[in-house]
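The values are calculated or read from the model by the stated rules, or taken from the named source; none is laboratory data. Please read all numbers here as calculations on a predicted model, not as lab measurements. Cβ placement follows ideal geometry from the backbone for every residue including glycine, while neighbour counts extend to all protein chains displayed. In case anyone asks, the SASA skips ligands and DNA or RNA and just uses the protein heavy atoms, side chains included. Shrake-Rupley method; radii C 1.70, N 1.55, O 1.52, S 1.80 Å.
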Amino acid sequence: MKRRDFVSKVLITGSALTIGIGCKRKIEPVSEIKEAAQLSLNTGSGKTIKEPEKQIPVMVETDVLVIGGGPAGTAAAIAASRTGAETYLVERYNHLGGLWTGGLVLPLLSTHAVDKQKRRKQVIFGIGGEMSKRLVDLGMSINEVNPVVDPEAAKYVLEEMVRESGVKVLYHTWGANVIMDGNVIKGLFIESKSGRQAILAKVVIDCTGDGDIFHLAGDRYDVMNYAIGLVHRLGNIDRIDKNRAGYVKMNIGTATPIPSVNWVNMWGKENQNALDVVNLSELQSEYRKEIWESVQKIRKTPGYEEVFLLDTASQLGVRMSRILDGEYRLTLEDTMTYKSFKDVIGISGAWTTMLYKGKKVPVSERPLWQIPYRSLLPKKTENLLVAGRCFCFEKELVEDTRIIGTCLVTGHGAGAAAGLAIKERETVRDVNIGKLKETLKQQGAWLG
């Protein structure tokens, strides 16, 4: 797909960037509105308006810039900073953890899978494993396999790990556009209450989940429509009176580390476009109404009178959107046959039954699977890495690649690679794989 080629080149002048197409660009009056060309997304009116050229202040120049503070972005920032690289993390919400915390998708899937000796064993280690252990130590995690965590505790743990690692975090901030010099990404324009600013970086890591950065940079990708839901939590679960006359079993979700609180998942509508803001807005409104009315129905059922709606997730449950067309596309065949990669950066597990060669393979038989570094590398853009649910894989792998554990693994790999590239003064494409694997092992990762 073609990029929105907003910025072909930037001129850095002191503390500001001058942006524009050509040195004699005419600044059109705000009143001039033209008909839009064909766009990849619906613009509503079908018209465009030209934004005047302006000076953009450079906020900072750093080694590594991570966009998106979900599981992948948090792990990437910690890993990069632990190598000694100065690291900035940009997050649009007021917390870290993305869908794991703010989205209330509380299970850390998938921590386990089957090895070649048919033993079901833990596979998630490294920074993700460290996060999990800290939550266990706090008493804020239940279940050894695919543990369910408390979201506020997880926000706290991730915040502490980022702080301890020396990462500099910018909350309430969006990555608005890329700064390019040819095919080389030099940084990003960001938007916040402080206005439009720029951050220049030697390496950028796209952990937006939706591939926003590689999209803007002009790399190719696929778009996958999928189900979008909205998670909520119920309180006073421990006060349900099953002996009450008229009691019937209701859907009250799944247990969390807080005995009185359950989390309730929602699959939501199928085949949804997560890149259409109008669609997202309509789903948000519809789901909030649906959840409220569902809880009121529960409360009117004998025995459930004291149950209440504790909260709804602060972000929609987007499961999939853009998928990078990277240097290597991980396949279902790879994950079902214990394929070994020389550039492995981590191993993930399996949590659900998958269809493989016409046969349903249950979780008890699903193999552990390696993730190669090449699947995090865009084909075109230099100085850019991709981690999280938008790295390069076959659509048939969506259930395993979009989950929290895999995001933590890919984030850890990308962050370690970015930090090593800075340390060795080389590009991320030329990182020495042997040194990268050694760095990951030093940071607790398990590579098989």
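What does a probe at Arg239 reach in segment 249-263, counting residues whose amide N is under 14 Å from the point 7 Å along Cα→Cβ?
Those under the cut-off are 260-262.
Which value, in Å², gives the accessible area per residue of the chain when a 1.4 Å probe is used on the protein heavy atoms?
Each residue of the chain exposes 45 Å² on average to a 1.4 Å probe.
Expressed as cubic angstrom per residue, what is the convex hull volume of the alpha carbon set of segment 222-344?
On the way: hull volume 20.2 nm³, N = 123.
Residue-normalised Cα hull volume stands at 164 Å³.
Relative to the longest principal Cα axis of the chain, at what angle does helix 151-165 sit, 0 to 90 degrees, rounded to 10?
Roughly 40 degrees between the two axes.
Arrange the peptides 88-97, 110-119, 129-138, 402-411 so that the one whose residues have, on average, the most other Cβ atoms within 10 Å appears first.
On the way: 88-97: 22.3, 110-119: 16.1, 129-138: 18.4, 402-411: 29.4.
Highest to lowest by the protection proxy: 402-411, 88-97, 129-138, 110-119.
Sorted by mean Cβ packing within 10 Å, highest first, what order do the peptides 55-66, 315-326, 350-361 take? Before the final figure, lay out each step's value.
Working: 55-66: 20.6, 315-326: 22.5, 350-361: 14.0.
In decreasing order of mean packing, 55-66, 315-326, 350-361 become 315-326, 55-66, 350-361.
Could you tell me which label, among (1) 149; (2) 158; (3) 132, carries the value of volume of the Cα convex hull per residue in Å³ calculated for this structure?
The calculated read-out lines up with (2).
Going by amide H atoms built from the backbone, whose H comes under 5 Å of the H on Thr62, apart from near neighbours?
When sequence neighbours closer than 5 places are left aside, the close amide H contacts are Leu200, Ala201, Lys202.
Among the listed pairs Lys339/Lys380; Lys118/Lys360; Lys339/Lys437; Lys202/Lys435; Lys116/Lys357; Lys121/Lys339, which have their C-alpha atoms separated by more than 22 angstrom in this model?
On the way: Lys339/Lys380 26 Å; Lys118/Lys360 17 Å; Lys339/Lys437 17 Å; Lys202/Lys435 19 Å; Lys116/Lys357 19 Å; Lys121/Lys339 17 Å.
Violating the 22 Å Cα-Cα cut-off are Lys339/Lys380.
Round to a whole number: what % of the accessible area of the chain belongs to carbon and sulfur, probe 1.4 Å? All intermediate terms of the calculation are to be shown ahead of the outcome.
Values: 10200 of 20240 Å².
The C+S portion of the solvent-accessible surface of the chain is 50 percent.
So which lysines pass the test for Lys269, namely a Cα distance under 19 Å, with those fewer than 8 places away in the same chain ruled out?
Within the straight-line cut-off, Lys269 pairs with Lys289, Lys395.
Measure nothing fancy, just the Cα-based angle from helix 71-82's long axis to the longest principal axis of the chain, in degrees from 0 to 90, nearest 10.
Tilt relative to the chain: about 60 degrees.
Is it possible to state the helix-based mean residue ellipticity at 222 nm for the chain, with each DSSP H run of 4+ residues giving -39500 (n - 2.57), the sum divided by total residues, to the nearest 500 deg cm²/dmol? What is it?
Numbers: 9 runs with 108 residues, N = 448.
For the chain, the value works out to -7500 deg cm²/dmol.
State the antiparallel share, in %, of DSSP beta bridges confined to the chain, rounding to the nearest 5. Display every interim value, and only then the final one.
Numbers: 52 of 73 bridges.
Restricted to the chain, the bridges split so that about 70 percent are antiparallel.
Relative to the first principal axis of the alpha-carbon coordinates of the chain, what is the inclination of helix 433-442, with its axis defined by its Cα atoms, in degrees from 0 to 90 and to the nearest 10?
Approximately 40 degrees, to the nearest 10.
Which order do peptides 191-201, 76-86 fall in by mean Cβ count within 10 Å, highest first?
Highest-to-lowest ranking by the protection proxy: 76-86, 191-201.
How large is the Rg to Rh ratio of segment 86-229 when both quantities use alpha carbon positions and Rh follows Kirkwood? The partial results should precede the final answer.
Values: Rg = 17.9 Å, Rh = 17.5 Å.
Using only Cα positions, Rg/Rh for segment 86-229 is 1.02.
Under a no-solvent Debye model with one identical scatterer per Cα of segment 143-207, what's log10 I(q)/I(0) at q = 0.14, 0.20, 0.23 Å⁻¹?
Each listed q corresponds, in turn, to -0.62, -0.92, -1.04.
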